[in-house]
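Visitor: Here's a structure for you.
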């Protein structure tokens, strides 16, 4: 799965908002644009979607800007990506489409692999909050699988291990 600029920038901007929110003054998009080096007009488009998704509240007038609509510990990264219409799929075909990955009505041989990867990405992004990102609690959340060599297998799993008498 490749996360587009839209999804990445939305998460970056929301993390910036969460990190700089506090006090009385809302955070302006111009400040976020400058700190994150994102086009202000692009941020305006993203924040319109984030506002419709009820993730941010806008404050109008002089000194206006944006605030998170709920605490950063309650805003999941997956919610942000979904709010900006970013699909979290790793397959070439659209869910529910009668047309398969191959352009016909059949799915490619690895379809289930990529579909499950998309689900796992969604599960992971649903487990990470803005607070986790801002407080740098993301790395180390998942552990890679260890390869099992024949030396590290328990005796009962080794194919050449002698059977033990009971």
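Visitor: Only one of 132, 112 is surrounded by 11 or more Cβ atoms within 10 Å (Cβ to Cβ) and modelled with pLDDT under 95; which? Give the derivation first.
Guide: Details: 132 fails: modelled with pLDDT under 95.
Going through 132, 112 in turn, the sole match is 112.
For every residue, the table says whether it meets (1) surrounded by fewer than 12 Cβ atoms within 10 Å (Cβ to Cβ); (2) at pLDDT 80 or above; (3) in a helix (DSSP H, G or I).
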position: 82; (1), (2), (3): no, yes, yes
position: 91; (1), (2), (3): no, no, no
position: 126; (1), (2), (3): no, yes, yes
position: 136; (1), (2), (3): yes, yes, no
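Visitor: Let me ask something additional. Regarding residue 19, is this residue farther than 16 Å from residue 78 by Cβ, under 20 Å from the mean Cα position of the chain (by Cα) and part of a helix (DSSP H, G or I)?
Guide: Yes: the conditions hold for residue 19.
Visitor: Report the residue count in region 22-60 for those that are under 15 Å from residue 134 (Cβ atoms) and assigned to a helix (DSSP H, G or I).
Guide: Within region 22-60, residues that are under 15 Å from residue 134 (Cβ atoms) and assigned to a helix (DSSP H, G or I) number 3.
Visitor: Could you pull out the residue among 44, 86, 31, 37 that is modelled with pLDDT under 95 and over 20 Å from residue 138 (Cα atoms)? Spell out the reasoning first.
Guide: On the way: 44 fails: modelled with pLDDT under 95; 31 fails: modelled with pLDDT under 95; 37 fails: modelled with pLDDT under 95.
The unique qualifying residue is 86.
The values are calculated or read from the model by the stated rules, or taken from the named source; none is laboratory data. Keep in mind the model is a prediction, meaning the values are calculated, not measured. For neighbour counting, all protein chains shown are included, and Cβ atoms are generated from backbone atoms with ideal geometry for every residue, glycine included.
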